[in-house]
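Structure, as structure tokens:
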Amino acid sequence: MDTEPGNFPATAGCQARKFGQPLTSSDATLDARLTMALTRVVHAIRTQQQDQSVGYGLLPVQADLLLSLRGDRPAAERDVVTLARDLHLTPTVVADAARVLEHKTLVRWQTEAPGSPPMLNLTPLGQMQADSLGGEQLLLDRLGDLDADAKANALAVILELIYEFQRRGIVSVVRTCTTCRHLRRDGLPGGRTSYHCQLLEVALLPTDLRVDCPEHQAQVLA
């Protein structure tokens, strides 16, 4: 079907329109389309994780526990109670899952000091399986071709969403810059936001925002 340059062809139930022409009331809003797109990305990653966990003989809760132990999680936050809080599970369920993972030599218990609760850590095999379960490669293969500024803006938007989810109690403690008491936000013209880390005393670009910061200190959320 031929159309003039810059025009969108007509489809069933939708008339042709020129590029830049305002969307009609029948079109989804930008917010709704972003929500739908994010939902589909999450579903694709979750589906891949579930398929891979089945291949490793893991139940979903066991795979989630394995994934939660990756990254820069502080040693003091690897006990059963803290892991259960972060995963929105009971300590009993987490302990049962840990026992299975330990039997598979994917995790091991370590005690930092006498009388302290044992901490759960990944073994080399567990690290390898956790990395393959993460679903990152599915994204990395595509993100590498995208514009750096677009990726930086997307990162800032997603981290602000995480902050809002934590503020509302939807997710537990996360160590992102946007949920840290050291982050200062300054409004800029055009509705933009600049960031400043008061701990490091440096201005932060969107590309500098961390998803899992070892210096994170949770802010008191209203």
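The values are calculated or read from the model by the stated rules, or taken from the named source; none is laboratory data. What you see is a predicted model, and the numbers here were worked out from it, not measured in a lab. Using ideal geometry, Cβ is built from the backbone for each residue, glycine included, and neighbour counts are taken over all protein chains shown.
Please tell me if R33 is basic (K, R), surrounded by 11 or more Cβ atoms within 10 Å (Cβ to Cβ) and closer than 30 Å to H216 by Cα.
Working: basic (K, R): yes; surrounded by 11 or more Cβ atoms within 10 Å (Cβ to Cβ): yes; closer than 30 Å to H216 by Cα: no.
Judged against the criteria, R33 is not a match.
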Practice task
For residues that are in contact with a helix residue (DSSP H, G or I) (Cβ under 9 Å, 6 or more places away or on another chain) and within 20 Å of D212 (Cα to Cα), scanning just region 51-72, find the one that is surrounded by the fewest Cβ atoms within 10 Å (Cβ to Cβ).
Solution key: R70
Completion exercise
If we ask which residues in region 54-83 are more than 17 Å from the chain's Cα centre (by Cα) and either within 12 Å of G126 (Cβ to Cβ) or part of a loop (DSSP other than H, G, I, E, B) (or both), their number turns out to be 8
Problem - Given (1) out of contact with any Ser or Thr (no Cβ under 9 Å at 6 or more places or on another chain); (2) touching a residue at least 60 places away in the same chain (Cβ under 8 Å), number of the condition R85 does not satisfy - result: (1)
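Of all the helices (runs of 4 or more DSSP H) wholly in region 90-163, which have at least 3 residues that are within 20 Å of the chain's Cα centre (by Cα) and free of Cβ contacts under 8 Å to residues at least 12 places away in the same chain?
Numbers: elements: 91-103, 124-133, 136-143.
Passing ranges, in order: 136-143.
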Handout entry: Boolean, D51 is modelled with pLDDT of 90 or more, acidic (D, E) and assigned to a helix (DSSP H, G or I)
Key = no
Fill in the blank from the handout: Over region 194-215, the set of residues assigned to a helix (DSSP H, G or I) and either modelled with pLDDT under 80 or not acidic (D, E) (or both) is P206, T207
